[in-house]
Amino acid sequence: MKTGDGALDIDGHLWTIPVEFRASLVLYLSQLGLSRLKPTLKIPILIGLILYVHQVNRWELLLFFSGFFLCELDFRRRSSAPTTTSTSTSSSLSPISPTSPVFSTTIQQSRAWSTIYYMTFILGLYFGSQPARDLEHAPGWKTLSTLIPSHINPRDRYFPNLGAVLLIWSTSSHQPLQSVFTHPIIQYLGKISYPLYLMHGAVIHTLGYGIMDFMWASLGRDTVLKKEIGFGVAAVWVVVVTVWMADLFMRVVDTPTVRFAKWLEGKCTMET
């Protein structure tokens, strides 16, 4: 973990924690200030905040405010969705015929939006894979790199940030894309994602490098194949042990801590 001035340096993998903490404080304060505004005012203000933090090169706040903005859009979409009518009302309405122009238009609009969501998802994946260096050698990135504003630093986070926003918007808006992330295995990995983040650095340094050095000492690394075998064996061990330690951390530390925090909140706050 490293603070902004570098005063604390424990594990470089955990550098995002203080960044996320500061951005969370700004986000919570903004949510509190905007909570009672009408959507017609809240949405333009959020857009203004996003443009402002982009202009002052605060990429972490851009992501947090973009998430806030997408949540507002999702809430408005869900609240405006047609609800199930009563039996008496629905019985007086006849279903739309498949040969009706209204039915055909609805299907065409649905297919058009589905195409937009899929294309946005693919574009988000592409933006998220922006190379950290040598952009001119990657397909398409020589041109895209010229579109990064001059005030943005570091430049290698610009398009991945945009890609993250596109991915979240497309998946939150399209049910078929959501199904990819609702699989039980994916849900489990999401459940242990924070412990994975905390544990992976320690496992790499204590186990991964040791196994890799042992494999290279045993097999040698004078060829690409031998070098990759040593790396691959170490990687398998790191993945297995990291997942196991993350699951253990979740059960022993994370879940009890959340349970205790909820209990303490109940003891300290008044019922409304």
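Straight-line reach from Lys191: which lysines have a Cα under 21 Å away, not including same-chain ones fewer than 8 places off? Cα-Cα hits under 21 Å: Lys262.
At a Cα cut-off below 16 Å, give the aspartates and glutamates reachable from Lys142, other chains included and same-chain residues fewer than 8 away excluded. In chain and number order, the partners are Asp134, Asp156. The residues neighbouring Ser24, those whose beta-carbon lies less than 15 Å from its own, together hold a net charge of 0 under the Lys/Arg +1, Asp/Glu -1 convention.
Per Stokes-Einstein, at 37 °C and 0.692 mPa s, what whole-number D in µm² s⁻¹ belongs to the stretch 113-160, with the Kirkwood radius over Cα pairs as the hydrodynamic radius? D, rounded to a whole number, is 283 µm²/s.
Per the Cα gyration tensor, the chain maps to an equivalent ellipsoid with semi-axes of 40, 27, 24 Å, ordered largest to smallest. Listed by Cβ neighbour count within 10 Å, with the fewest neighbours leading, Glu60, Glu20, Glu136, Glu271 appear as Glu271, Glu136, Glu20, Glu60.
Between the Cα long axis of helix 193-203 and the first principal axis of the chain there is an angle of about 10°, rounded to the nearest 10.
Normalised by the number of residues in the chain, the mean separation of alpha-carbon contacts (under 8 Å, six or more apart) gives a relative contact order of 14 percent. The order of Val233, Val238, going from fewest to most other C-beta atoms within 10 Å of their C-beta, is Val233, Val238. When Glu72, Glu228 are arranged by Cβ crowding within 10 Å, least crowded first, meaning fewest neighbours, the order is Glu228, Glu72.
A short reminder: the numbers here are calculations on the coordinates, not readings from a lab. The shown structure was predicted, so the numbers you read here are calculated from the model rather than taken from an experiment. Every residue, glycine among them, receives a Cβ derived from its backbone with ideal geometry; neighbour counts consider all protein chains shown.
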